[in-house]
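The values are calculated or read from the model by the stated rules, or taken from the named source; none is laboratory data. In this text the structure is predicted, and so the values were computed from the model without any measurement. Backbone-built Cβ (ideal geometry, glycine too); neighbour counts: all protein chains shown. For the accessible areas, the whole protein counts, side chains as well, though only heavy atoms, and no ligand, DNA or RNA atoms are used. Shrake-Rupley method; radii C 1.70, N 1.55, O 1.52, S 1.80 Å.
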Amino acid sequence: MPDMKLPSYFYGDEAMQFTYFRIPCQLITHPRFKHLSTDSKLLYGMLLDRMSLSIKNEWYDDTGRVYIYYTVDEVCSNLNCGRDKAMRLLAELDTGKGVGLIERKKQGQGKPTRIYVKRFTTQEIPPQPEKKPEPPAPPPGVEFADVQKSDFPTSRRRKNPPQEVEETDPNQTKRNQLDFIQPDPSIYPPAPSGRQMGIDRCEVREEVKENIEYEHLRQELPYDDVESLLELIVDVLSSTASTIRIGGEVLPVDAVRRRFRQLDSEHIKYIIDSMSQTTTKINNIRAYLLTALYNAPITIGPYYSAAVRHDFG
């Protein structure tokens, strides 16, 4: 390739003839975005630029929101980086794992992931004033005739309460308490069994394989590691127990299921990568992996942010 000599200066309005990526000043100056890496801020500017193409092609969802297509391979090509770094940069910007500047929606069936580029502006929420508790009102129908209404004390004897108060059933309170303690079974029905819920392990397995991009992971990561994590996720999602032990704590199985349904290919890579760097002996590998899967949607963002900061020193 022949050597090229670049001119040293711009003259007149020559700088206006070029196309630029726009990076919002707020990403540089606002404290909320201080921890973002420089490459992730550049990537956000590139995603913003892609918005014009989506508007031209009228790529809107059912609610009128604009979305774009920007694959991981495009990020690798445009930023001249590897796939792992591209995934880390997207995770830094993502709503679930990072600062919340983009939101990714998988479509399945081999279709590319939709990316919603979100607003970078921030708004301070003013503190709400504390409400002072109001003094309790006296029970209706009861009058306190002996309340002092003048400025001078009296020594009059307290009057008898009204007749309707005296005739109140003394056992009414106990009956009300029993009614409250014993809830109506029609309001709080018993939890359905696994058979009633129609949990089909095969269907759950296929759903998880699609969520974590199983076929792609098999080509990129050790088969046994991917298969083991897949089976653990399926075990939790198809479990008929009411609770499950995670990290030594007993949690409602529904809460654990909601967390496990957030898992995708990036979380699986993150867990396998973390295990490869662990030097401590693991006695109960199943309990360790269950805890890692449960915590992955929360810890992956800080993990990748730290890794990017380390890479750029």
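Checking each residue in the range 233-274 for being within 28 Å of E220 (Cα to Cα) and open to solvent by 30 Å² or more (accessible area, probe 1.4 Å) picks out D235, R258, R259, R261, Q262, D273, S274.
Residue check: S54 meets all listed conditions (1) open to solvent by less than 20 Å² (accessible area, probe 1.4 Å); (2) part of a loop (DSSP other than H, G, I, E, B); (3) over 30 Å from E220 (Cα atoms); (4) not basic (K, R) but one, namely (2).
In the set (1) more than 20 Å from the chain's Cα centre (by Cα); (2) assigned to a helix (DSSP H, G or I), R245 fails one condition alone, (2). Put simply, of D73, D61, D94 the only residue that is acidic (D, E) and within 21 Å of the chain's Cα centre (by Cα) is D94.
Residue-by-condition table, conditions (1) open to solvent by 30 Å² or more (accessible area, probe 1.4 Å); (2) modelled with pLDDT of 80 or more:
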site	(1), (2)
R88	yes, yes
L93	no, yes
I102	no, yes
K105	yes, yes
K111	yes, yes
V117	no, yes
T122	yes, no
K131	yes, no
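Only one entry in E220, E215 is under 24 Å from P112 (Cβ atoms), modelled with pLDDT under 90 and open to solvent by less than 80 Å² (accessible area, probe 1.4 Å), namely E220.
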